[in-house]
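A.B. asks: Okay, here's the structure, questions in a sec.
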Amino acid sequence: FSIFAMRKSKKIIFLSLDYAKNIELPNDLIRKSYEIPPYVNTKKIKKKIDPVFKIGYLGRISFEKNLELLISSSIEMSKKNIQHELLIAGDDQDKRFKRYTKKLKKLSSKYSHIAFIGKLSEKEKYNFLKRINVFVLPSNNSLEAFGIVQLEAMSCNTPVVVSNLPGVRTIVNKTNNGYIFLDKEDLIKKITDLYNNNISDPNISNRLKKYYCEEKFKLNMQHLIS
C-alpha cells in the first residue's frame, strides 16, 4: 500500500533520505523523494556538570527500544567502577508493554544506580534532558526512522549516543553532537569516552540549529511546493 501511495504521489517527504535509501525503494521513487526533517526550539540553558555522571533514556519502554542492552551495558560499566546513574524515563505502567517492563526491572533490581522514573510532563522532560550527561537511544527496530527525542536532548546541550540505524544516525552524522555505536562493546566505549571527558559543550544546540531549525524547515517546505 505504501509503495502504491508513493507511486501516485508527485513528491515524497522523508524525515531522512538515509532511511529512504536503505529501505531499497525503486530509483524512480528516490528521484522524487525529499528530506524535510522536523525541528525543535533550542533552550536557553546553562548546563551544570553533576558530580555523578548521568546516563538517560526517554521514550516508550517497549521491546524495540532495546533497553536491555542499555541496562546490561550500565551494569558492566558499574562492575568496572565507572560511577554513574542510569535514569530511564517513560510510562512504566503502560499495559501494552507490561511483560517487557517487568523483565527490565527484574534485570536491574539488584543495582541501585539504575532507576525507572516514570512518565514525564513536558516541563519535567526538559529538566530531565538538561541534567543528564548523555542521552542514549539504543533502538534496534529498522522501522525507527529518525528519533526526534535526539533533537530535544541536543537542544538542551546534551550529547547523544545512538544505534547505527538508517535515519536515526542521520542527526549525529550531520551535527557531530555525539556518537553512533555498533554493538554493546562499542556502546560502553562511547559512553566511557564521554564519562572520561565530562565537560559541558555549550555549542551542541548551536550546531543543532544549523541543520534543524524553524527557518530551515520553512525554506525546505517552500522549495517543495515551488
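The values are calculated or read from the model by the stated rules, or taken from the named source; none is laboratory data. Here the structure is a predicted model, which is why all the values come from computation and not from measurement. Quick reminder, even Gly has a Cβ in these numbers, built from the backbone with ideal geometry, and neighbours come from all protein chains shown. The accessibility values were calculated without ligands, DNA or RNA, using every heavy atom of the protein model including side chains. Shrake-Rupley method; radii C 1.70, N 1.55, O 1.52, S 1.80 Å.
A.B. asks: So Thr158 fits all but one of (1) without any contact (Cβ under 8 Å) to a residue 60 or more places away in the chain; (2) on the phi < 0 side of the Ramachandran plot; what number is the exception?
C.D. replies: The failed condition is (1).
A.B. asks: Taking the condition open to solvent by 70 Å² or more (accessible area, probe 1.4 Å) and touching a Lys or Arg at 6+ places or on another chain (Cβ under 9 Å), does Pro166 pass?
C.D. replies: Taking the combined requirement at face value, the residue does not satisfy it.
A.B. asks: Which members of segment 204-226 meet the condition of being surrounded by 11 or more Cβ atoms within 10 Å (Cβ to Cβ) and part of a loop (DSSP other than H, G, I, E, B)?
C.D. replies: Residues of segment 204-226 that are surrounded by 11 or more Cβ atoms within 10 Å (Cβ to Cβ), as a first pass: 204-209, 211-214, 216-221, 224.
Once the filter is applied, which keeps residues that are surrounded by 11 or more Cβ atoms within 10 Å (Cβ to Cβ) and part of a loop (DSSP other than H, G, I, E, B), segment 204-226 yields Tyr212, Cys213.
A.B. asks: crowded, with 18+ Cβ neighbours inside 10 Å, farther than 16 Å from Ser163 by Cβ and under 17 Å from the mean Cα position of the chain (by Cα): does that describe Leu86? Before the answer, list the steps.
C.D. replies: Details: crowded, with 18+ Cβ neighbours inside 10 Å: yes; farther than 16 Å from Ser163 by Cβ: yes; under 17 Å from the mean Cα position of the chain (by Cα): yes.
Yes: the conditions hold for Leu86.
A.B. asks: Moving to a separate point now. Name the residue, out of Asn176, Asn196, Asn157, that is under 30 Å from Glu76 (Cβ atoms), at pLDDT 90 or above, in contact with a Ser or Thr (Cβ under 8 Å, 6 or more places away or on another chain) and not aliphatic (A, V, I, L, M).
C.D. replies: Asn157
A.B. asks: Hey, could you check segment 180-197 for residues that are open to solvent by 50 Å² or more (accessible area, probe 1.4 Å) and in contact (Cβ under 8 Å) with a residue 60 or more places away in the chain and say which is farthest from Asp50 (Cα to Cα)?
C.D. replies: We begin by selecting, within segment 180-197, every residue open to solvent by 50 Å² or more (accessible area, probe 1.4 Å); these are 182-185, 189, 195-197.
With in contact (Cβ under 8 Å) with a residue 60 or more places away in the chain added as a condition, the list becomes 184, 195.
Values: Lys184: 25, Tyr195: 12 Å.
Across segment 180-197, the extreme among qualifying residues is Lys184.
Quick grid of which residues meet (1) more than 17 Å from the chain's Cα centre (by Cα); (2) without any contact (Cβ under 8 Å) to a residue 60 or more places away in the chain:
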residue	(1), (2)
Lys65	no, no
Glu76	yes, no
Lys105	yes, yes
Phe116	yes, yes
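A.B. asks: Now a separate question. Let me confirm something: among Leu67, Leu143, Leu120, Leu104, which residue is farther than 17 Å from Pro159 by Cα, modelled with pLDDT of 95 or more and open to solvent by 30 Å² or more (accessible area, probe 1.4 Å)?
C.D. replies: Matching residue, one of Leu67, Leu143, Leu120, Leu104: Leu120.
A.B. asks: Further, regarding this structure: Go through segment 75-92 and count every residue that is in contact with a helix residue (DSSP H, G or I) (Cβ under 8 Å, 6 or more places away or on another chain) and part of a helix (DSSP H, G or I).
C.D. replies: Selection size over segment 75-92: 3.
A.B. asks: A follow-up question, please. Looking at (1) within 25 Å of Ile12 (Cβ to Cβ); (2) touching a residue at least 12 places away in the same chain (Cβ under 8 Å), can you tell me which one Leu219 breaks?
C.D. replies: With (1) within 25 Å of Ile12 (Cβ to Cβ); (2) touching a residue at least 12 places away in the same chain (Cβ under 8 Å) applied to Leu219, the lone miss is (2).
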